[in-house]
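Below is one structure, written out as structure tokens; the observations come after it.
The values are calculated or read from the model by the stated rules, or taken from the named source; none is laboratory data. Quick caveat: nothing in here was measured; it's all calculated off a predicted structure. So basically every Cβ, Gly included, is an ideal-geometry build from the backbone, and we count neighbours across all protein chains shown. Note: accessible area is taken over every heavy atom of the protein model, side chains too, but ligands, DNA and RNA are not part of it. Shrake-Rupley method; radii C 1.70, N 1.55, O 1.52, S 1.80 Å.
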Amino acid sequence: STLFNALSRAGAAARDQMFSTLDPQVRHVRLPGGGRALLADTVGFISELPEDLRVAFRATLEELTAADAILHVVDTAHPDATAHRDAVLAELRLLGAEGVPRLTVLNKADLPAAAPLRSEEGAAPGVRASARTGDGVVVLLERLEELLRERVWTRLAWTRPRPGLLADLARLGASVRERHPGGIEAWLTPAQAASLFLSIPAATTTS
């Protein structure tokens, strides 16, 4: 929840105790390239729960299967950080969410690591950040936007963009990168792309 607040400037309760986040909260986040995303703060994962509580928690977390991406936050200052991470990965497999693009956040980078975190085979390196100090938060948002560009959004490119195109893309919340000389590439959701083509029928694009 502390990281959720740092990313979205929300005021979610953040306490070092179990069950402090029971109702998922959702906030808009503006990414560095202009893209917009909905960020949800879900309930935490707790191992060795009684089966009736386990079923209730799993029902709450099933929305993860519909997410475009998952930020997996690992408390790197905890002595059992590797075991905690692996328990979450096992639960994601049980939920059927193992195929959702995932970015690991190595939180509490401002504190000495309690134990080395074993690398995850085949996974991209995690992003070191501190939700408390804000260090690494911008890099995390950049990595999240890049992941969405690669795995979720549709890419469009203009070699000779019309006047006002940048403003329209900003209004839609597209993720934009300007290319030289004078080109633009943008990543959009299907709804954003449909809205763009309704308002700009003469756009020249490359998918």
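Looking at Leu166, Leu106, Leu144, Leu140 in this structure, which one is over 23 Å from Ala6 (Cα atoms) and of a type in the set (A, V, I, L, M)?
After ruling out the rest, the residue left standing is Leu166.
Just for segment 72-101: of the residues that are within 18 Å of Thr133 (Cβ to Cβ) and among the hydrophobic types (A, V, I, L, M, F, W, C), which one is least open to solvent (accessible area, probe 1.4 Å)?
Val74
Restricting the search to segment 125-142, which residues are assigned to a loop (DSSP other than H, G, I, E, B) and over 14 Å from Arg85 (Cβ atoms)?
Matches in segment 125-142: Ala129, Ser130, Ala131, Arg132, Thr133, Gly134, Asp135, Gly136.
Output the residues belonging to segment 102-124 that are under 30 Å from Val176 (Cβ atoms), open to solvent by 30 Å² or more (accessible area, probe 1.4 Å) and either assigned to a helix (DSSP H, G or I) or touching a helix residue (DSSP H, G or I) at 6+ places or on another chain (Cβ under 9 Å) (or both).
Hits for segment 102-124 are Arg102, Ala124.
Output the residue which, of all residues in segment 125-143 that are modelled with pLDDT of 90 or more and open to solvent by less than 20 Å² (accessible area, probe 1.4 Å), is nearest to the chain's Cα centre (by Cα).
Among those residues, the one meeting the criterion is Leu140.
Does His84 satisfy being out of contact with any Asp or Glu (no Cβ under 9 Å at 6 or more places or on another chain), outside any strand (DSSP E or B) and either among the hydrophobic types (A, V, I, L, M, F, W, C) or over 25 Å from Glu146 (Cβ atoms) (or both)?
No: the conditions fail for His84.
I'd like the full set of residues that are under 15 Å from Val43 (Cα atoms) and either touching a Leu at 6+ places or on another chain (Cβ under 7 Å) or not in a helix (DSSP H, G or I) (or both), limited to segment 58-74.
Within segment 58-74, Arg58, Leu61, Glu62, Leu64, Thr65, Ala67, Ile70, Leu71, His72, Val73, Val74 meet the criteria.
Hey, Val152 hits all of (1) in contact with a helix residue (DSSP H, G or I) (Cβ under 6 Å, 6 or more places away or on another chain); (2) closer than 28 Å to Val73 by Cα but one; which does it fall short on?
Result: Val152 fails condition (1) only.
Between a first residue in segment 145-167 that is under 17 Å from Leu196 (Cβ atoms) and a second residue that is of a type in the set (Phe, Trp, Tyr) and at pLDDT below 95, which pairs have beta carbons less than 9 Å apart while being 6 or more apart in sequence or on different chains?
Pairs that qualify, where the first residue is under 17 Å from Leu196 (Cβ atoms) and the partner is of a type in the set (Phe, Trp, Tyr) and at pLDDT below 95, are Leu165/Trp158.
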